[in-house]
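So the structure is just underneath, and the comments pick up after that.
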Amino acid sequence: MQSAQFALLQALAALGLVEASHGQPGWPWPVKLSGENLLIDGGQARRLAGSLAVLALVVFLLLLAMVWRRRRVAILVAVPVLLLAAPWPDAHVVWVPATPASFHRSPSGFTVRSIAQGQALYAQHCVGCHGADGRGQGALADARSMSPPNLAGPLLWRRADGDLLWHVMHGMRARDGKATMPAFGERLRDDEAWALIDFMKAQAAGETLRSTGVWAWPAALPDAAVRCEDQSARRLASWHGQRVRIVAPGVTQAPPLEDPRLVTVRIAPDAESALRDAIGCVVDASEAADAWAAFALVTGTPSPAGTTLIADRDGWLRARSQPGQAGWSDDDLLCRTDAVPSGAQPAVVADGLGALIARMDAQPVRFVKGGFVH
């Protein structure tokens, strides 16, 4: 449903039927179809499926009436009866409010550089109300007509990225029309607003991990430039489809052995340390400090030193090994579901990392635009 609406928007843009909004085709209607609500509410999804079946039958009957004249009247009488009897789902479940930016996508992606840029912008424009930890308890929060939302909760995952952009640039209002958040469209460029959103997501992931011990909502692997010995630089995102292990070496920690099941990439606290590390794959010196800070954010720690992270084939951070930890266990899988995969057979794996990888592969993150479902 999400893909169909995005394809419709692109087709309208190609025909010149929609206006641009923040550099991308703008959604022309005040509502959109909500596939995520239907995933959450199975009853409404079944009602929609039944209604679509009735609509298909109605179309067939109308076509039949064009060629079967003797029964045309009976068929035409049956059509409204079928439409009235269809199990239509609740409109507020299927149709949800939309903004012109509802289907916008970040042009730069979730990168360590954009997170660093967003962190500076957050300190300048947002920390007063939302607080240093994003929980809405800043020094100016009490002066607002409505308490700022908790950005460390599920809010950033429940809303489409484009809607977040729209609210940052155009502000928010309560039902009575009173402004609850100012608009930043005159103070921020579009790329700065996207960077701000990237930082807030990284911060929220770390705050959730710090307070609950898990990534309650999936955190993406921040992208960065990587240098692999004598090869030309490439992006972390270029390994999409492979598991990636991020290693932040500690003071006395020996580098991990290469493992064919994982692409290993090391990060360093600064450019000088990155330049000294000439073995294997290392985040490029130009982005070393940004990467170190970004991974500190998503792990909810002052420094990621001694930490190892594993991202799955789809680019979601799934597991973490803490400083001084020997080996891996099932408890290190921090983005997971407790449900047993249907038809799954228990895998016999010799080592803890293998068992963790097997479970990670058997229980992938299921992404829904505007929300996440594990």
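The values are calculated or read from the model by the stated rules, or taken from the named source; none is laboratory data. Just so it is clear, the model here is predicted, and its values are computed rather than measured. Counting neighbours? That spans all protein chains shown, and the Cβs are built from the backbone with ideal geometry, glycine included. The protein model used for the area step is the full one, side chains on, heavy atoms only, and it has no ligands, DNA or RNA in it. Shrake-Rupley method; radii C 1.70, N 1.55, O 1.52, S 1.80 Å.
Taking the Cα atoms only, what angle lies between the long axis of helix 190-212 and the longest principal axis of the chain, rounded to 10 degrees? Helix 190-212 sits at roughly 70 degrees to that axis. Just check segment 1-87 against the gyration tensor rule for me: Cα atoms, a ≥ b ≥ c as the square roots of the eigenvalues, rounded for a/c under 1.5, and otherwise prolate or oblate depending on whether a/b exceeds b/c. Taking the square roots of the gyration eigenvalues as a ≥ b ≥ c, segment 1-87 is oblate.
Could you state the accessible area per residue of segment 244-309 in Å², with a 1.4 Å probe and every protein chain left in place? Walk me through the numbers before you get to the answer.
On the way: 2840 Å² over 66 residues.
Normalised by residue count, the accessible surface of segment 244-309 is 43 Å².
Put simply, the C-alpha atoms of segment 266-320 give a gyration tensor, and the ellipsoid matching it has half-axes of 19, 14, 9 Å, longest first.
Largest first and in whole Å, the equivalent-ellipsoid semi-axes of segment 159-239 read 32, 19, 9, each the square root of five times a Cα gyration tensor eigenvalue. For segment 183-297, the percent of C-alpha pairs falling in each 10 Å distance bin, counted from 0 to the bin holding the largest distance, reads 12, 37, 35, 13, 2, 0. Listed values for segment 56-68 are Karplus-derived 3J(HN,Hα) couplings in whole Hz (6.51 cos²θ - 1.76 cosθ + 1.60, θ = phi - 60°), namely 5, 5, 4, 4, 4, 5, 5, 5, 5, 5, 5, 10, 10, and x replaces Gly and Pro.
Across segment 55-166, Cα-Cα distances exceeding 19 Å account for 68% of all pairs. Ligands, DNA and RNA excluded, the heavy atoms of Val73 present near 110 Å² of accessible surface to a 1.4 Å solvent probe. Over the chain, how many percent of alpha carbon pairs lie in each 10 Å bin up to the one with the longest distance? Each 10 Å bin holds this share of Cα pairs: 5, 19, 26, 23, 15, 7, 3, 1, 0. Cysteine residues of the chain whose Cβ has no partner cysteine Cβ closer than 4.7 Å: Cys126, Cys129, Cys335.
Computed packing ranks the peptides 358-364, 171-177, 102-108 as 102-108, 358-364, 171-177, most packed first, by mean other Cβ atoms within 10 Å.
Contact order, relative form, for the chain: 14 percent (alpha carbon pairs under 8 Å, 6 or more residues apart, mean separation divided by residue count).
Summing Cβ point charges (Lys, Arg +1; Asp, Glu -1) relative to the Cα centre of the chain gives a dipole of roughly 1800 debye.
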